[in-house]
Every structure is written in structure tokens, then in C-alpha cells.
Amino acid sequence: MYRKEFYLYHEGRSHNAVIRNYNEKDFDALITIQRECFPPPFPPDLLWNEVQLTNHVTLFSEGALCVEVDGVVAGSMTGLIVTFDPNHADHTWEEITDSGYIRNHEPDGNTLYVVDIGVRPAYRHLKLGAALMQSMYDCVVHLNLDRLLGGGRMPGYHRYMDSLSPEQYIERVVAGEMKDPVISFLLKCGRTPLALVKNYLDDEESGDNGMLMEWRNPFKNHQTIWG
């Protein structure tokens, strides 16, 4: 089981933080986090329910992480293991995560796939998302997997749909010419773009697009750079 304790500092004040595996006692807090992180127009049926959360902690507890700040559950991140071939990257979020139920978790797979990450808005100044991401990188190394992978929403794209293709928008975000709330965050966390997937998720703000972004295990021998 995973547990990391550390201190966070903001405006001259320290906070006690813990990243650990979540459990059934955390379910109410995790559902609240989802509601705060993904308000409308994000589809409410994509928010966690108790059956999904139960599967997370029973099928792959190593990939079920939450972060506490001064004793309050302030964010979470969930993953599952899949077998992924970068030469056949097209898929939907529903397909690869079993709609968040992760019944397709493959213990012998090669990739830790991010199902979800969210931090309560009131705690985002503490950079908890980056801390959770680093803990998932720890999990990739510990389990000797090839990579961490996930489809990033691109919620800033809705402002440019009439003038830019999804590919053009991503190019500008990667170049630092534009900022996207999700893609820019993932870039700062060390994730790199792999492939743009159309119809990845029912998400009006992203134009239903998802940007697959990976973090490759630095202890593995990677022979090929995928574009």
C-alpha cells in the first residue's frame, strides 16, 4: 500500500499532507470532489458512483489514490492497468476504462492508464494535482510498467472551435502560445503528447476530443520515439 507524508507551504503557512490509497470511508468525500471539479456542462452521469469506487479499491487498490491536507480529503486520482499499443492509439474513455468501472483491469498489462484526476477548487493553489501525478509515476516504476497514459480533456478549446482545428489548438498549447487548464497542467507534470483522439469523451468544452499524453518509465529501455 502507498503512503507518502510531506509538508506544503503557501503564503508563509505550512500544511500537513498525505497521499495514500483511498478506501470505502472516503467515498462520500470522493463524490463531493467530483461534483466540485466537474460542474456542468460536464455530463453528470460521468461522475463517480459507489459501485465504481468499490471496484477501484477492490480490483486495483494501488491505482486508487487520494490526498489529504490537514486531515481533509482534497483530491484524488484513479488508474488501471491496460495493454496498450501506441501504433493503435484510437479508443474512447468508456472503452479503455470500462466506463470507470475498471472491470477490464489487466494485472499483466504494460501501461498504467489514468481514469480520473481531480482537486477541489479551494485547494488548487497547493499544487496537489502535480503531487498526485508524481505518486502515480511512483506506481509505474514500482510495478515496472512501460508508461503512464491518459486522455487529457482540452476544455479551453471551446473558445477557439470556430478558428482552430483540435490539432492546431494543441500545437499552440504545447508551444506555450496558449494555455489550456488541463493540457498545460499535464505538460508541466512531465507528460508528453502522443496522439489526438476524436470522439474520446462526451465533453462539449473539448469538442469531444481527448489528447493522449504519456509519461514513460525512465528505468525501462525505450527503443522508439512515438509521434
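Looking at (1) within 13 Å of the chain's Cα centre (by Cα); (2) crowded, with 18+ Cβ neighbours inside 10 Å, which one does Val140 not meet, given that it meets all the others?
The one condition Val140 does not meet is (1).
On the basis of being of a type in the set (D, E, K, R), over 23 Å from Tyr137 (Cβ atoms), free of Cβ contacts under 8 Å to residues at least 24 places away in the same chain and out of contact with any Lys or Arg (no Cβ under 9 Å at 6 or more places or on another chain), does Asp70 make the cut?
Criteria not met by Asp70.
On the basis of being of a type in the set (D, E, K, R) and in a strand (DSSP E or B), does Glu5 make the cut? Explain how you work it out, then say what you get.
Working: of a type in the set (D, E, K, R): yes; in a strand (DSSP E or B): yes.
Taking the combined requirement at face value, the residue satisfies it.
With respect to Pro86, determine if the residue is more than 13 Å from Leu149 (Cα to Cα) and surrounded by fewer than 17 Cβ atoms within 10 Å (Cβ to Cβ).
Against the criterion (more than 13 Å from Leu149 (Cα to Cα) and surrounded by fewer than 17 Cβ atoms within 10 Å (Cβ to Cβ)), Pro86 does not qualify.
Looking at (1) touching a Leu at 6+ places or on another chain (Cβ under 6 Å); (2) under 23 Å from Pro39 (Cβ atoms); (3) not charged (D, E, K, R), can you tell me which one Leu145 breaks?
Condition (2) is where Leu145 drops out.
Of the residues that make up region 121-132, is at least one surrounded by fewer than 22 Cβ atoms within 10 Å (Cβ to Cβ), out of contact with any Ser or Thr (no Cβ under 8 Å at 6 or more places or on another chain), more than 25 Å from Asn217 (Cβ to Cβ) and of a type in the set (A, V, I, L, M)?
Yes: region 121-132 contains one or more residues that are surrounded by fewer than 22 Cβ atoms within 10 Å (Cβ to Cβ), out of contact with any Ser or Thr (no Cβ under 8 Å at 6 or more places or on another chain), more than 25 Å from Asn217 (Cβ to Cβ) and of a type in the set (A, V, I, L, M).
Just for region 42-63: of the residues that are among the hydrophobic types (A, V, I, L, M, F, W, C) and under 23 Å from Leu112 (Cβ atoms), which one is modelled with the lowest pLDDT?
Restricting to residues being among the hydrophobic types (A, V, I, L, M, F, W, C) and under 23 Å from Leu112 (Cβ atoms), the top hit is Leu46.
Among the residues of region 157-184, which ones are closer than 23 Å to Leu132 by Cα and crowded, with 19+ Cβ neighbours inside 10 Å? Even if it seems obvious, please write down each step before you answer.
Here is the first cut: in region 157-184, the ones closer than 23 Å to Leu132 by Cα are 173-174, 179-184.
Residues satisfying the conditions are Val173, Asp180, Val182, Ile183.
State whether one or more residues within region 39-46 are within 29 Å of Ala195 (Cα to Cα), among the charged types (D, E, K, R) and either crowded, with 19+ Cβ neighbours inside 10 Å or under 17 Å from the mean Cα position of the chain (by Cα) (or both).
No - not one qualifying residue is present in region 39-46.
Need pairs with beta-carbon distance below 9 Å; first residue in contact (Cβ under 8 Å) with a residue 60 or more places away in the chain and within region 184-201, second surrounded by 15 or more Cβ atoms within 10 Å (Cβ to Cβ) and of a type in the set (Val, Ile, Thr); sequence gap 6+ or separate chains.
Taking only residues 6 or more apart or on different chains, the pairs are Val197/Thr92; Asn199/Thr92; Tyr200/Thr92; Leu201/Thr92.
For the structure I just gave you, tell me whether Cys66 is assigned to a helix (DSSP H, G or I), of a type in the set (A, V, I, L, M, F, W, C) and either under 20 Å from Ile19 (Cα atoms) or over 17 Å from the mean Cα position of the chain (by Cα) (or both).
Here the answer is no, as Cys66 does not meet what is asked.
Could you identify the single residue in Leu80, Leu65 that is buried (at least 23 other Cβ atoms within 10 Å of the Cβ), touching a residue at least 40 places away in the same chain (Cβ under 8 Å) and closer than 22 Å to Leu212 by Cβ?
From the options Leu80, Leu65, the qualifying one is Leu65.
Which residues, taken from region 202-212, are free of Cβ contacts under 8 Å to residues at least 60 places away in the same chain and buried (at least 22 other Cβ atoms within 10 Å of the Cβ)?
Applying the first criterion (free of Cβ contacts under 8 Å to residues at least 60 places away in the same chain) to region 202-212 yields 206-209.
Listed by number, the residues that qualify are Ser206, Asn209.
Output the number of residues of region 8-42 satisfying the condition of being outside any strand (DSSP E or B), at negative phi and not aliphatic (A, V, I, L, M).
As a first pass, look at region 8-42 and keep what is outside any strand (DSSP E or B): 11-12, 22-42.
So of that shortlist, the ones also at negative phi come out as 22-42.
Adding the requirement that they be not aliphatic (A, V, I, L, M) leaves 22-28, 32, 34-42.
Count: 17.
The values are calculated or read from the model by the stated rules, or taken from the named source; none is laboratory data. Keep in mind the model is a prediction, meaning the values are calculated, not measured. Ideal geometry is used to build each Cβ from the backbone, glycine not excepted, and the neighbour counts take in all protein chains shown.
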